[in-house]
1. Cβ contacts < 6 Å: first residue closer than 22 Å to ARG244 by Cα and in the same structural domain as LEU143 (by TED's automatic domain parsing), restricted to the stretch 48-77; second residue part of a helix (DSSP H, G or I) and at pLDDT below 95, any location; separation 6+ or different chain. Result?
2. If only one of SER197, SER223 is modelled with pLDDT of 85 or more and of a type in the set (Ser, Thr, Tyr), which one is it?
3. Restricted to the stretch 112-132, and to residues that are at pLDDT below 80 and not hydroxyl-bearing (Ser, Thr, Tyr), which residue is nearest to ASP15 (Cα to Cα)?
4. In the stretch 282-291, which residue that is part of a helix (DSSP H, G or I) and in contact (Cβ under 8 Å) with a residue 24 or more places away in the chain is surrounded by the most Cβ atoms within 10 Å (Cβ to Cβ)?
5. Quick one: THR66 ticks every box in (1) among the hydroxyl-bearing types (Ser, Thr, Tyr); (2) touching a Leu at 6+ places or on another chain (Cβ under 9 Å); (3) at pLDDT below 95 bar one, so which box is it?
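The values are calculated or read from the model by the stated rules, or taken from the named source; none is laboratory data. Computed from a prediction, not measured in an experiment: that's the story for all the values here. As a convention, Cβ positions derive from the backbone with ideal geometry for all residues, glycine included, and neighbour counts pool all protein chains shown.
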Amino acid sequence: MRSMTGYGKGTASSDGRTMTVEIKTVNHKFFDWGMKMPKGFLFAEDDAKKEVAKVVARGHADVFLTYREEAGKAAEYRVDAELASKYVATASGLASLTGVPCDVTATALMKNPDIVTLEAAEADDEELKALLLAALGEALDGLVAMREREGAALAADISAKLDSMSASLAKIEATAPEVVTDYRNKLTARITEALGSAVPDMARIATEVALFADKCAVDEEISRLGAHIKAMRGYLKADGPVGRKLDFLVQEMNREANTIGSKANDLRITEEVLALKNDIEKIREQAQNVE
């Protein structure tokens, strides 16, 4: 189980070029993403998104790309050899014509912007894409590791809440039969007191007790809530995205707890229902962080 929040950073270098990728994820109902990068890298955006989507099933991901080139690799000289030859030939001709010495040097030719130009070195798109994906892969590895660590902490916290819920449910299950017994005893005592020496109609009492027992029966709710707790424990150990499943189970748990509370005719059960709802609310808050 993974958290939806996390961070990762990766760097890849080749031939004087360095690509750094940072990725940050936060809670979101679905997968969403945004990428900030220098101009000229739009060609790799779709491939980057596919790689992120393979790892982030749920949550909003922000990807930041920075690109750097070493000074020696960032540009190269281009020489117009034909123009240089014409330049030297023209200078030699002028020297012969005027009788002045011809002192054309390579340094002088280098200073002529028409002969020697400094051009930015162009990297192949596929090379840049490979560099980007390598850095992104490292960043995603770090992101996953962090999301898994936080997911383990969330799972431990939710598991503790489930233990508390199981304890409350066990108390309710043990108390429920006592509620009916207490009602029978109190009803019999009231009728006996009202009738005095007359013999109470035990059949009528039995009917009233049966109606009461049916009205406040919570066996099915206890069973379903126990099944939900068991199912959630299973999801906590799952590898894939389980956040939406946890959200659904929280809703079902809350429904069963509310039903038990509405049927409760005993202060002890009411107190345990309040404890259940408190644990369910805490689980709901934690589940919102789960992928």
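1. Pairs that qualify, where the first residue is closer than 22 Å to ARG244 by Cα and in the same structural domain as LEU143 (by TED's automatic domain parsing) and the partner is part of a helix (DSSP H, G or I) and at pLDDT below 95, are ARG58/GLY243.
2. Just one listed residue meets the conditions, SER223.
3. Result: ALA123.
4. ILE283
5. Only one criterion is unmet by THR66, namely (2).
Table: residues versus (1) farther than 30 Å from GLU148 by Cβ; (2) assigned to a helix (DSSP H, G or I); (3) among the β-branched types (Val, Ile, Thr).
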| site | (1), (2), (3) |
| --- | --- |
| GLU220 | yes, yes, no |
| SER223 | yes, yes, no |
| GLY226 | no, yes, no |
| TYR235 | no, yes, no |
| GLY240 | no, no, no |
| LEU246 | no, yes, no |
| GLY261 | yes, yes, no |
| ARG268 | yes, yes, no |
| GLU272 | yes, yes, no |
